[in-house]
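Undergrad: Provided herewith is a single structure, encoded as structure tokens, for subsequent inquiry.
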Amino acid sequence: MSQYILLNRIRVQNANAIAGFTWGFPAITHFLGFTHNLSRKLSQSDKYSSIRLSGCAVIAHEHHVHTYGKYGDRFTQVRSSYISTPEFKKGVMKTPSIIEEGKMNMTVSLLIEVEGRVGNATWVEQLTAWIEKQSLIQRLAGGTILDIANVKLVDTQEKRDRYALKGKLLPGFVLMDRSSSLEKHYQTLQQENPNAELLDAWLDFSAFKQQARPKCDQISKYLEKGFKQDEATYATLLQDWQKHLGRVPYQQGSIPDLLKEHFSTLNAKKYKTLLAQWQQYLEPDEKAPADWERLPKPEAKGFLVPIMIGYKAITPVYDNSEIANTRDSKTPVCFVEAVHSIGEWKSAHRLRTEADFLESIWRYDYQEHWYLCKQDTAHEVNGELNETITEEAVTSTDDDYDDN
């Protein structure tokens, strides 16, 4: 499969910015739900019932979360005057509640996988016009679609077509599933601590963690000054020190022995303040002044973020008549909780091969008690795919913008 419908530059207003425990971008379920609704409309139409939309890739171009505060850490608030209260019904006016809303404006593109027989050029033009019209009257992630730059049927089989498609997607970032990174880190944690839980591994990716490093500004100035005066003597010392500072977090055991030997030979009276700081750096206590450093995420490569990828059933499936206040009167009901994982925002310029585009497509994955959205990173491509690229090759050319 190499044909897709590209909904390019969808401008959305007031989309949901909260997804489970995470915030900042809608859950992937919103985008697959949007695609699934379009697919259902296609199947119900007389002219396009042979077409099925099976999944989509999400490319983010711009986003603005409605927050305020010094660090943008508070959502905007509204007074919900439309809420009907007993006092309101009795004719008594009451100050409406303040409700914190997690909303955002965003511009995204959806690359939707197409299955089925596609007609001639005129038929395709009518299809894309029909999809654009239907998309504009739908909601995306609870937000209102203001505009779609264009809707086009695209192909990724030929290299020149992939180049043209990437040009439409740039600048943009593709959301990729990195559940494997979470699993790998969880196994590492369990080797270190058998009592570690999967939540601990997930928080290592999602939480901002800091650790103290004892103050060392005078040590750095001393070595830099010595290097300027006597490069031969201080070159190795400064190099080892800078290498040590590059290791995060701070570890007492990683201080180079060469530096320990050097500072042990200094005159205690002449370098009293310097040696005091050095001693605190070697053996810090609770009162030692320190600088705080942000701990890196378990995998340094890639812009990894926590995401919500679906739901886990926590009850049996009930008949609709057994549950009050359901959305309709026919569909069976099951209570669920959100499922979280790890994703990566990957620059669209890295989509080089037909397999890369296939791997960026999110699809539904139903199993017993699990309702998930996944990407098939081991997707098998039919027949004529004569250009492959390994994961090692991609990661080794992270900053290479030349596809050749």
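Undergrad: Got a sec to turn the phi values of the stretch 187-199 into Karplus ³J(HN,Hα) couplings, 6.51 cos²θ - 1.76 cosθ + 1.60 with θ = phi - 60°, whole Hz, x for Gly and Pro?
TA: Here the 3J(HN,Hα) series is 5, 5, 5, 5, 5, 7, 9, x, 8, 5, 10, 5, 4 Hz.
Undergrad: What is the pair-distance distribution P(r) of the stretch 231-347, computed from all Cα-Cα distances in 10 Å bins starting at 0, with each bin given as a whole percent?
TA: 10, 23, 18, 13, 12, 9, 8, 6, 1
Undergrad: May I ask you to give the solvent-accessible area per residue for the chain, in square angstrom, as obtained with a 1.4 angstrom probe?
TA: Value returned for the chain: 60 Å² of accessible area per residue.
Undergrad: Oh, and also: Just want to confirm a number: the relative contact order over the chain, from Cα pairs under 8 angstrom separated by 6+ residues, in percent.
TA: Reported relative contact order: 21 percent.
Undergrad: Run the simple label-point estimate for residue 274 and residue 137 please: 7 Å along Cα→C-beta, distance reported in nm.
TA: Reported label-point gap for residue 274 and residue 137 is 7.8 nm.
Undergrad: In whole Hz, what ³J(HN,Hα) sequence does the stretch 290-296 give by Karplus (6.51, -1.76, 1.60; θ = phi - 60°), x for Gly and Pro?
TA: 8, 10, 9, 10, 6, 6, x
Undergrad: Which FRET efficiency, nearest 0.05, do residue 212 and residue 317 yield, Cβ-Cβ r, R0 45 Å?
TA: It comes to 0.30.
Undergrad: Taking the 0 to 90 degree range and rounding to the nearest ten, how far is the long axis of helix 121-136 tilted relative to the main principal axis of the chain, both from C-alpha atoms?
TA: Once rounded, one gets 70 degrees.
Undergrad: Expressed in nm to one decimal, what extension gain is obtained for the pair residue 232 and residue 291 from 0.36 nm per residue of sequence separation less their Cα-Cα distance?
TA: Difference between extended and current length: 18.2 nm.
Undergrad: At what distance in angstrom do the alpha carbon centres of the stretch 343-359 and the stretch 242-312 lie from each other?
TA: Taking the Cα centre of each part, the stretch 343-359 and the stretch 242-312 sit 36 Å apart.
Undergrad: What area, in nm² and to one decimal, does the C-alpha convex hull of the chain cast on average over all directions?
TA: The Cα convex hull of the chain, projected and averaged over all directions, gives 30.9 nm².
Undergrad: Using a/c under 1.5 as the rounded threshold, could you call the stretch 186-286 rounded, prolate or oblate? The axes a ≥ b ≥ c are square roots of the C-alpha gyration tensor eigenvalues, and prolate needs a/b larger than b/c, oblate otherwise.
TA: Prolate shape, in that a/c is at least 1.5 and a/b is the bigger ratio.
Undergrad: Shifting gears a bit: On a 21 Å Cα-Cα criterion, which of the cross-link pairs 47/133; 243/272; 243/301; 47/374; 41/103 come out too long?
TA: Table pairs above 21 Å Cα-Cα are 243/272; 47/374; 41/103.
Undergrad: Can you give me the % of accessible surface on the stretch 154-253 that is carbon or sulfur? Probe 1.4 Å, all protein chains present, nothing else counted.
TA: 49 percent
Undergrad: Can I ask one more? Which value in nm describes the separation of the simple spin-label points at residue 200 and residue 47, placed 7 Å from the Cα toward the beta carbon?
TA: In this crude spin-label approximation the distance works out to 6.0 nm.
Undergrad: Rounded to the nearest 500 deg cm²/dmol, what is the calculated helix-only ellipticity per residue at 222 nm for the chain, with -39500 (n - 2.57) per DSSP H run of length n ≥ 4? Display every interim value, and only then the final one.
TA: Details: 12 runs with 129 residues, N = 404.
Result for the chain, helices only: -9500 deg cm²/dmol.
Undergrad: Quick check: from the Cα gyration tensor, does the stretch 183-244 come out rounded (a/c under 1.5), prolate or oblate?
TA: Judged from the Cα gyration tensor, the stretch 183-244 comes out prolate (a/c at least 1.5, a/b above b/c).
Undergrad: Can you give me the long-range amide H partners of residue 309? Hydrogens built in the peptide plane at 1.01 Å from N, cutoff under 5 Å, separation of 5 or more residues or another chain.
TA: The list, which skips near neighbours in sequence, is 339, 340, 341.
The values are calculated or read from the model by the stated rules, or taken from the named source; none is laboratory data. All values derive from a computational prediction rather than experimental measurement. For neighbour counting, all protein chains shown are included, and Cβ atoms are generated from backbone atoms with ideal geometry for every residue, glycine included. Keep in mind that these areas ignore ligands, DNA and RNA; they rest on the heavy atoms of the full protein, side chains included. Shrake-Rupley method; radii C 1.70, N 1.55, O 1.52, S 1.80 Å.
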